[in-house]
Each structure stands twice: as C-alpha cells, then as structure tokens.
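Computed from the coordinates by the stated procedures, all read-outs in this text should not be read as laboratory data. The structure displayed is predicted, hence computed values, not measured ones. Quick reminder, even Gly has a Cβ in these numbers, built from the backbone with ideal geometry, and neighbours come from all protein chains shown.
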Amino acid sequence: MNSRAAPEESKKIVRITLYVNGEEMDVSFAPYKTLLEVLREDLALQGTKHGCELGECGACTVLLDGNPVLSCLVLGVECAGREVTTVEGLASDSKLHPLQDAFADLGAAQCGYCTPGILVAAKALLDHNPNPTREEIRHALSGNLCRCTGYHQIFEAVEKAAMEMHESGLKSSPVEQQR
C-alpha cells in the first residue's frame, strides 16, 4: 500500500467565530477552504449551492456583512467575526421571507438550483433599495445565472416582494429584526 504524507499545509486547522444567520458559531476547518465549503461541509448549511466554483454563476451568493458575495471566491478564514446570511437565514419562526413567498406564488423557480443565490442577492437589493425599478433589479441580479426561467418571473417576484414589504412595513429579514 502506497501512502504518501499529506503536505503540512493540509494538516493545519483554523478555528474562527462568525455569525451565521444571526447565530454565533465556532467552526474549525482547513485554512484553504472557501466560505462555500465551510457553510456546506462544516456547518451543514446546504442551501448555498456549488455552481461553477469560478465566480461566474452566482449560485453560491451569500451576504457577508450585508453585501452579496460569491462564497466560492471568499476564503473561510476571511470571515472571522463577520456576519454571514444564507438562504436559510431568510425565513424565521416558520415564516418565509416575502421574497420566498413571492417566488413560490409566481413560479419564479423551476429547477431551483439558482434560487438560493438569487433570493439572497434580491434581499441585499431590497435592504438597500426598498423600491427598485425593473432595471435596478436586473442589474442587482445580473451576476446570478438561471437556465430555466428566462428571468421574467424572477423580476416580477422581486417587485411583488418589494411592494408587500413596503405595505407591511418590513424593512429587513426577520432574523435581523430580532437583533
């Protein structure tokens, strides 16, 4: 049996504390892991999807300190002490975020693989601009690729959620309102 020793770098483990979906979490992982890998493999948050792993598709979009980032391009060690919001953090107390409701109501998801990244990117938009134009929605979601829907229902769902959030006075996700 041929066994080779792993390089020293692969044996190292880092430990950080970060805030995921409003909850403080301590996690240990290899320092070369991306935030995407830490979320999925070490924290068992499977909502954030592996896509291209090159920063081109947007399937892995999460919020880092309130801003959308491609988690496949961010090292986990860069997230120490920072706030990460994944698609799992949009719902609270068994109540979906208005974006999630609107996507379901309007059929804005077909295969659904891109949906978590789009929902998180749309949430960032609505957090910063509660009444976006169609063009602003298109621009905010331009880094999220969808092969199924053609985007029309996605844009309509974001518009519907924005309207419902405005009418109900909801300014952010339920998780953020609890803080």
Can you find even one residue in the range 107-127 that is in contact with a Ser or Thr (Cβ under 9 Å, 6 or more places away or on another chain) and on the phi > 0 side of the Ramachandran plot?
yes
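Take the residues in the range 41-75 that are of a type in the set (D, E, K, R) and over 12 Å from the mean Cα position of the chain (by Cα), then tell me which one is nearest to Ile13 (Cα to Cα). Please lay out each step first, then the result.
Step one: filter the range 41-75 for residues of a type in the set (D, E, K, R), giving 41-42, 49, 53, 56, 65.
Checking which are over 12 Å from the mean Cα position of the chain (by Cα) leaves us with 41-42, 53, 56.
On the way: Glu41: 14, Asp42: 12, Glu53: 22, Glu56: 29 Å.
Looking at residues that are of a type in the set (D, E, K, R) and over 12 Å from the mean Cα position of the chain (by Cα), I get Asp42.
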